[in-house]
């Protein structure tokens, strides 16, 4: 029984985290689709509180960020860190315990939010007890990573390890500070101070929680898939340190219209523009070496998804610096444009890399993908779905921004947006179908008998 | 707002101290010494063609789709900036 629940078999915790991620992806996408349907036809949904947009939206967001993205990254880092450190995971049983514990925490997210138990702060809606549950899980993962690093047989730390270790530390502190965990009753501070903290956290969920883990996986997977070394490891480390310096204070660019000190607004805008430095350090490193080896990306659906994630990253990070400018925000702020931007950041970049990492790492963990054809179908469904969602929301946002600047009132603009919301709903259907294919493929892959031992690096790690 | 400044300074100084600690640790453990070998760390077990053979570029639907998405991203950004500039 103990061996089934908490096996000591190398790679078992990674595989279970991947199963977790695929399950919560479908759940999170479904809540997103329900939210999109409410925007198209509010009367279609049952007149029950859990189906109101105010409860569906935070459930959709938090389930996808914590249930899908973090679960996939946890699974990925539990493989990548031992692999490049040439050792095995320090405590595999503890990692398997973390999988079960993490799923209990994740179950509490929709349970709390759908019942209206919320702290009402964006990305930080979960009640205090759930916040503590998440912090404990991150601390356990950090313990596993640092003890594995301490036992490494390869002295040099590959850049992925820097990003993973740093990312877990940032996740812990950004989450604790942003959720104001020292104030359990409300999980908030007061006045503008609270808004500043909230957006420090909100933007850093993308920049210091999701980005480091996604970049870490891309830095492992793209060179391996193309059998090409990085362009420059020194440049990759420069990007890591630049990310620390630049990203930390960008959040206040969400509050340019609010009574926030001018110095803080200036810092946030300057840092938002300077982010282009670590972004291009990363893209240069993974794009330049493979310019004549794209065929190997094309041949591996996992690597293809990861590479697609870097393309969305490029677009997101071109938009971001412009978006932080006050003159651009005059048009885009409070509109659907920002929603489109957030979707390509979290799902286009973070999500595609997470899904690609699962498909790429499963064979290295000794499980050949159940159906590559299904995986390819899912890739195209999700690519078309996300593109439709991005375009429809971007143009809906521009219509909103333009209309409001011309003095149009909200109720006169809403009918103009209906067709774009319809396209978003159709895109959501494609994404949910893709999510269904993903969970089927991943679970079939993992529930089958072991197939193939994986390449030598896995063998070395597994038998170490 | 003063309370926020205090928190901000505590955060900045703590974060900087942790970063300096990491850099000093890395220098002492010679983490920055052999950067060329570090490039190959994910590849050490693979057959030795890293940097060797150059397979031909295959132009498939995926490549064109990604180029299309890149172009779309640039066009959408240009449209956004055009709307912004129209409003001065």
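Look at residue A:65 and say whether it is closer than 19 Å to residue A:201 by Cβ and surrounded by fewer than 24 Cβ atoms within 10 Å (Cβ to Cβ).
Details: closer than 19 Å to residue A:201 by Cβ: yes; surrounded by fewer than 24 Cβ atoms within 10 Å (Cβ to Cβ): yes.
Yes, satisfied.
Listed here are the residues, each with its yes/no results for (1) assigned to a helix (DSSP H, G or I); (2) farther than 23 Å from residue A:112 by Cβ; (3) touching a strand residue (DSSP E or B) at 6+ places or on another chain (Cβ under 7 Å); (4) free of Cβ contacts under 8 Å to residues at least 60 places away in the same chain.
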{"position": "A:3", "(1), (2), (3), (4)": "yes, yes, no, yes"}
{"position": "A:18", "(1), (2), (3), (4)": "yes, yes, no, no"}
{"position": "A:33", "(1), (2), (3), (4)": "yes, no, no, no"}
{"position": "A:77", "(1), (2), (3), (4)": "yes, yes, no, no"}
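Given the range A:186-301, what helices (runs of 4 or more DSSP H) lie entirely inside it while holding 2 or more residues that are under 28 Å from residue B:67 (Cβ atoms)? Even if it seems obvious, please write down each step before you answer.
Numbers: elements: A:191-204, A:211-226, A:233-247, A:262-274, A:276-287, A:294-299.
Helices (runs of 4 or more DSSP H) meeting the threshold: A:211-226, A:233-247, A:262-274, A:276-287, A:294-299.
Could you list, in sequence order, all residues of the range A:145-168 that are farther than 21 Å from residue A:91 by Cβ and more than 11 Å from chain B (Cβ to nearest Cβ)?
Of everything in the range A:145-168, just one residue is farther than 21 Å from residue A:91 by Cβ and more than 11 Å from chain B (Cβ to nearest Cβ), namely A:163.
Of the residues A:97, A:23, only one is closer than 22 Å to residue A:441 by Cβ, surrounded by fewer than 23 Cβ atoms within 10 Å (Cβ to Cβ) and away from chain B (no Cβ under 14 Å); which? Full working, then the answer.
Values: A:97 fails: closer than 22 Å to residue A:441 by Cβ.
From the options A:97, A:23, the qualifying one is A:23.
Just give me the residues in the range A:259-311 being at the interface with chain B (Cβ under 9 Å from one of its Cβ atoms), within 21 Å of the chain's Cα centre (by Cα) and without any contact (Cβ under 8 Å) to a residue 40 or more places away in the chain, in sequence order.
A:311
Is the range A:169-177 home to any residue that is outside any loop (DSSP other than H, G, I, E, B), over 15 Å from residue B:22 (Cα atoms) and more than 12 Å from every other protein chain (Cβ to nearest Cβ)? Quick ask: steps written out before the conclusion?
Quick first cut of the range A:169-177, residues outside any loop (DSSP other than H, G, I, E, B) only: A:169-177.
Retained after the next criterion (residues that are over 15 Å from residue B:22 (Cα atoms)): A:171-177.
If we keep only those that are more than 12 Å from every other protein chain (Cβ to nearest Cβ) as well, we get A:171, A:175.
Yes: one or more hits.
Residue check: is residue A:71 surrounded by 21 or more Cβ atoms within 10 Å (Cβ to Cβ) and touching a residue at least 24 places away in the same chain (Cβ under 8 Å)? If you could, list the steps in order and put the result at the bottom.
Working: surrounded by 21 or more Cβ atoms within 10 Å (Cβ to Cβ): yes; touching a residue at least 24 places away in the same chain (Cβ under 8 Å): yes.
Criteria met by residue A:71.
State whether the residues of the range A:406-420 include one that is within 14 Å of chain B (Cβ to nearest Cβ) and either at pLDDT 95 or above or surrounded by 16 or more Cβ atoms within 10 Å (Cβ to Cβ) (or both).
The initial filter retains those residues of the range A:406-420 that are within 14 Å of chain B (Cβ to nearest Cβ), namely A:406-408, A:420.
Filter again for either at pLDDT 95 or above or surrounded by 16 or more Cβ atoms within 10 Å (Cβ to Cβ) (or both), leaving A:420.
For the range A:406-420, residues within 14 Å of chain B (Cβ to nearest Cβ) and either at pLDDT 95 or above or surrounded by 16 or more Cβ atoms within 10 Å (Cβ to Cβ) (or both): present.
Could you grab me the full set of residues in the range A:49-64 that are within 23 Å of residue A:353 (Cα to Cα) and in contact (Cβ under 8 Å) with a residue 60 or more places away in the chain?
A:58, A:61, A:62, A:64
Just the residues that are within 8 Å of another protein chain (Cβ to nearest Cβ) and over 18 Å from residue A:264 (Cα atoms), please, taken from the range B:1-21.
B:18, B:19
Against the condition touching a helix residue (DSSP H, G or I) at 6+ places or on another chain (Cβ under 9 Å) and not in a helix (DSSP H, G or I), how does residue A:334 come out, does it pass? Explain how you work it out, then say what you get.
On the way: touching a helix residue (DSSP H, G or I) at 6+ places or on another chain (Cβ under 9 Å): yes; not in a helix (DSSP H, G or I): yes.
Taking the combined requirement at face value, the residue satisfies it.
The values are calculated or read from the model by the stated rules, or taken from the named source; none is laboratory data. Since this is a predicted model, take the numbers as computed values, not measurements. When we count neighbours, we look across all protein chains shown, and the Cβ atoms used for this are built from the backbone with ideal geometry, even at glycine.
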